[in-house]
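Student: This is the structure I want to talk about, given as structure tokens.
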Amino acid sequence: AFGPDGRYVWYSARQGRWQYNAVFPQYQIFVYDRETGTSTGMTSRYGSGIRPTLSPDGTMMVYGTRHEGETGLILRNLETGAEEWLAYPVTRDDQEAIGSLDVLPGFSFTPDSESLIVSFGGEIQRISVPGGEQSRIPFTADVKAYLGPDLRVDKVVEADEQLLVRQIRDAAFSPVGSRLAFTALNRLYVMDYPDGEPRAIGTEDVHQAYPVWSPDGESIAYVTWNDESGGHIERTAAGGGNPVRLTEQAAFY
């Protein structure tokens, strides 16, 4: 933002490079002297200083900052340096992001420097300066929006005793490739490959997953899970039978 005489430029700059898990403050406001080429820091707030906006008469500046998780607007008297909240909270800033399009939507003084026009809460607001009284500026807009086709489908859930499984998981071939073990609906199945009839093995009261064949193809090891008791590694005969628990400590295997 240019000052009234064009000599000074007010701007915000990030303190260091952007990074994940950023530590505040992220930005501060500076003023650049176009005659001397020097920059001077003008804020040192923990919640940063962003979007400096000067009044047309050059006596006031409004800028954004973060406070207790919310974003607000600060009014500074440029003649005395005194500051006060003008509006809090407003639209949350985007300081944690890269900020390629700035980190707070723009706002502007009216030509008489007596009001600030800003949008937040989904509406356009006029804020009196310096009082801070807010009044909504109503508006309407004629919008033509094109919609795609309706993608809702009337799906009939069949109530038959037999359910056709359309997806299997964790498929594992036996060492010689003649049998296939897999999980469907959280149950472990074995079938002769490729045209055999799948048959469930193991217990029914736990989820079964990730089957692994023994080298001789006679047994299958797999992991289990139960929301109440946790999970284990178990082994059962490839032809079915009572499973044998191989682990002592329940965990997420």
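Student: Just to verify a number: what accessible area does SER113 come out at with the full protein assembly present, 1.4 Å probe, Å² rounded to tens?
Tutor: Answer for SER113: close to 10 Å² accessible.
Student: Between ASP93 and residues 5 or more places away or on another chain, which pairs have amide H atoms under 5 Å apart, with H built 1.01 Å from N, and which residues are they?
Tutor: THR71
Student: Put ILE124, ILE98 in order of accessible area, largest first, 1.4 Å probe: what do you get?
Tutor: Values: ILE124 60, ILE98 100 Å².
Descending accessible area places them as ILE98, ILE124.
Student: Taking a 1.4 Å probe, which of ASP195, ASP5 shows the most accessible area, and what order do the others take after it? Walk me through the intermediate numbers first.
Tutor: On the way: ASP195 140, ASP5 105 Å².
My answer, sorted largest first, is ASP195, ASP5.
Student: Okay, next question. What full-extension length gain, to one decimal in nm, is calculated for LEU185 and LEU147 as 0.36 nm per residue of separation minus the Cα-Cα distance?
Tutor: On the way: separation 38, 0.36 × 38 = 13.68 nm, distance 3.68 nm.
Extra length from LEU185 to LEU147 when fully extended: 10.0 nm.
Student: If I ignore ligands, DNA and RNA and count only protein heavy atoms, how much of ARG51 is accessible to a 1.4 Å probe, in Å² to the nearest 10?
Tutor: 70 Å²
Student: Out of these labelled values of Kirkwood radius over Cα pairs in Å, (1) 19.4; (2) 24.8; (3) 18.6, which was calculated from the coordinates shown here?
Tutor: Computing Kirkwood radius over Cα pairs in Å and matching it to (1) 19.4; (2) 24.8; (3) 18.6 gives (2).
Student: With every protein chain kept in place and ligands, DNA and RNA left out, what is the accessible area per residue of the chain? Probe 1.4 Å, answer in Å². Intermediate values should be presented prior to the final figure.
Tutor: Numbers: 16520 Å² over 253 residues.
About 65 Å² of surface per residue is accessible.
Student: Also: Would you tally the net charge around LEU180, using a Cβ to Cβ cut-off of less than 14 Å, leaving LEU180 out, and scoring K and R as +1, D and E as -1? Numbers along the way, then the final one.
Tutor: Numbers: positive: ARG169, ARG179, ARG199; negative: ASP170, ASP192, ASP195, GLU197.
Net local charge, LEU180 excluded: -1.
Student: So what's the net charge close to TYR27: Lys and Arg +1, Asp and Glu -1, counting the other residues with Cβ under 12 Å from its Cβ? Numbers along the way, then the final one.
Tutor: Numbers: positive: ARG14, ARG45, ARG51, ARG66; negative: ASP93, ASP94, GLU96, ASP102.
Summing Lys and Arg as +1 and Asp and Glu as -1 gives 0.
Student: How much solvent-accessible surface does HIS207 expose, in Å² to the nearest 10, with a 1.4 Å probe and all protein chains in place?
Tutor: Only protein atoms counted, so the area is about 90 Å².
Student: Shifting gears a bit: In what sequence, largest accessible area first, do GLU133, GLU79 appear using a 1.4 Å probe? It would help to have the intermediate numbers written out before the result.
Tutor: On the way: GLU133 120, GLU79 140 Å².
Greatest to least solvent exposure: GLU79, GLU133.
Student: For the chain, which whole percent of the accessible surface, found with a 1.4 angstrom probe, sits on carbon and sulfur atoms?
Tutor: Numbers: 8410 of 16520 Å².
Answer for the chain: carbon and sulfur cover 51 percent of the accessible area.
Student: Are there trypsin sites (Lys or Arg not before Pro) in the range 7-41 that DSSP puts in a loop and that have at most 10 other Cβ atoms within 10 Å, and which ones? Don't skip to the answer; put the middle values down first.
Tutor: Values: sites: ARG7, ARG14, ARG17, ARG34; in loops: ARG7, ARG17, ARG34.
Passing both the DSSP loop test and the Cβ count: ARG17.
Student: Of TYR8, ASN21, ALA200, which is farthest on the positive side of the dipole of the chain, counting Cα position, with +1 on Lys and Arg Cβ, -1 on Asp and Glu Cβ, and the Cα centre as origin?
Tutor: So the residue furthest toward the plus end is TYR8.
The values are calculated or read from the model by the stated rules, or taken from the named source; none is laboratory data. Keep in mind the model is a prediction, meaning the values are calculated, not measured. Positions of Cβ are backbone-derived with ideal geometry, glycine not excepted, and every protein chain shown enters the neighbour counts. Please note that ligands, DNA and RNA were not included when accessible areas were found on the heavy atoms of the full protein model with its side chains. Shrake-Rupley method; radii C 1.70, N 1.55, O 1.52, S 1.80 Å.
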